[in-house]
Amino acid sequence: MKKYLYAVLPVVGFLLILTNAFFGHELFAQPTEQVSNKYMTYVHLQPDWESDNKNIIFEITNSWHKTKEDDSSNHVFNAKDMQYNENQLRYVNDKSYVELRHGFSDCQEEWQPMLYRHAVDTVRHEIEYMKGSQLSDDPSISVYLDKDNTTYDLQSQQKKIKNGFAYFIPLCTIEENTSYDYSIRTDNTSIGFDVYFVKSNQELYDFYDSSQSFDYYDDNPACFGQNKQSYSGSCNSVSKNSGLVVVVPDELKPWVTKFNVNLYEDNGSR
């Protein structure tokens, strides 16, 4: 049955793409209160890092709920407003890296997918769902397996990440306090990542500062994951300036390390 579906789904995807040429806007345009900002961040670690592979890609989906009173509710993806190719030299853990953002709007713009891309992503989601690597049957929501890194143990991970790379991903919300579902996975099977819901970007730097405590939402085990290959969780009552901190050891091997990160504001409708 599964082999049969593997053949049928690409055909269905092609028909959706073809239908889009004639009825695309009617096919996918549905009113919703949840909007998204999708963007990609490319990180190049400078020579002062030990990793053989010095390239990391974060593909990020950040979805939040709008209201009629929200001034940004009518904003739609505008290439002129996006921070395309914003190339910045940054420092973390006293080591430098170059960050290049593509399509980042700092939560100021909504994102609407090209309709053929929406069809392709839907088919890919369904294939992953049948294979068991995707737990959500809703193509607009990604939920990944809770998969531990088995290359080394948690104790080793905690030592490794103190010299590793950490990255902060902000939330998109208009609420002072809210709840978020999130999921993250990597294609690099040689390392594990830690992910923490934190109260602000400052925690990115406090993580390495021995004189400061690293403050994250530790009262709920679903607000963080340690030494994972993929992980999904939910974090309640997080503040507006909160976000995710993702940490990996400085031991990346010779290929581009990719992370898929998804954040969904939960207003209780799911």
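The values are calculated or read from the model by the stated rules, or taken from the named source; none is laboratory data. Bear in mind that the values here come from a model prediction, so they are computed numbers and not experimental data. Neighbour counts run over all protein chains shown; Cβ positions are idealised from the backbone, glycine included. Remember, those area values only see protein heavy atoms, side chains included, never the ligands or the DNA or RNA. Shrake-Rupley method; radii C 1.70, N 1.55, O 1.52, S 1.80 Å.
Points worth noting:
- Computed about its Cα centre, the charge dipole of the range 213-270 is approximately 280 debye, with only Lys, Arg, Asp and Glu carrying charge at their Cβ.
- Of the residues TRP255, TRP49, the one with the largest accessible area comes first in the ranking TRP255, TRP49, computed with a 1.4 Å probe on protein heavy atoms.
- Note on THR151 and ASP94: their simple-model spin labels are 2.5 nm apart, each label 7 Å out from Cα toward Cβ.
- With a simple spin-label model that places each label point 7 Å from the Cα along the Cα-to-Cβ direction, the separation between ASP106 and HIS44 comes to 2.4 nm.
- Against the criterion of solvent-accessible heavy-atom surface with a 1.4 angstrom probe, GLU33, GLU59 sort, most first, into GLU33, GLU59.
- Largest first, the residues THR257, THR173 sort by 1.4 Å accessible area into THR173, THR257.
- Computed over all pairs of different Cα atoms, the Kirkwood value for the hydrodynamic radius of the range 150-214 is 14.1 Å.
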